[in-house]
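**Q** Structure in structure tokens, see below.
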Amino acid sequence: MPPGSSRAVTPLDDDDYPAYTMGRAADMLGTTPAFLRALGEHRLITPLRSEGGHRRYSRYQLRIAARARELVDQGTPIEAACRIIVLEDQLEEAQRINEQMRAQGPELQPKTSA
């Protein structure tokens with residue numbers, strides 16, 4: 001494509017596109033399909049389903065699963081690993097919102113009484 005032209009977004013560019021089968025996802029993470037099913041049971045990730053009912057995972061979900069595997073490999077129970085990841089995500093979101101509020105200026109900051 002010529003410089004300056006907009007490039008079409010494809011499913012390969014989309015981190016949320018469910019491109020990976022359970023077997024492929026497990027291979028990529030060096031884990032088992034049972035581990036991925038357990039993450040689903042704990043509602044950490046919810047894979048989309050193909051028309052045939054097979055689980056499909058996105059790159060974003062694989063990053064979350066890799067973080068869970070890292071924690072489990074360090075000895076953290078899977079339930080706790082899932083909760084830690086949810087809390088990490090909530091903290092990141094709160095920090096992002098806080099930064100946005102700071103960038104909007106002091107006129108939008110909550111007033112505190114002295």
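Quick note: the coordinates plus some simple rules give every number you see, no bench work behind them. From a predicted model like this one, the values you see are computed outputs, not experimental measurements. In this analysis, Cβ positions are derived from the backbone assuming ideal geometry, glycine residues included, and neighbour counts consider all displayed protein chains.
**Q** Please specify each residue of region 73-85 satisfying the condition of being under 16 Å from the mean Cα position of the chain (by Cα) and farther than 17 Å from R37 by Cα.
**A** Within region 73-85, I84 is the sole residue that qualifies.
**Q** Residue under question is R83, and the condition is that it be within 28 Å of T10 (Cα to Cα) and charged (D, E, K, R); does it hold?
**A** No, not satisfied.
**Q** So which residues in region 61-73 are of a type outside the set (K, R) and either under 13 Å from M28 (Cα atoms) or surrounded by 16 or more Cβ atoms within 10 Å (Cβ to Cβ) (or both), if there are any at all?
**A** Result: Q61, L62, I64, A65, A66, A68, L71, V72.
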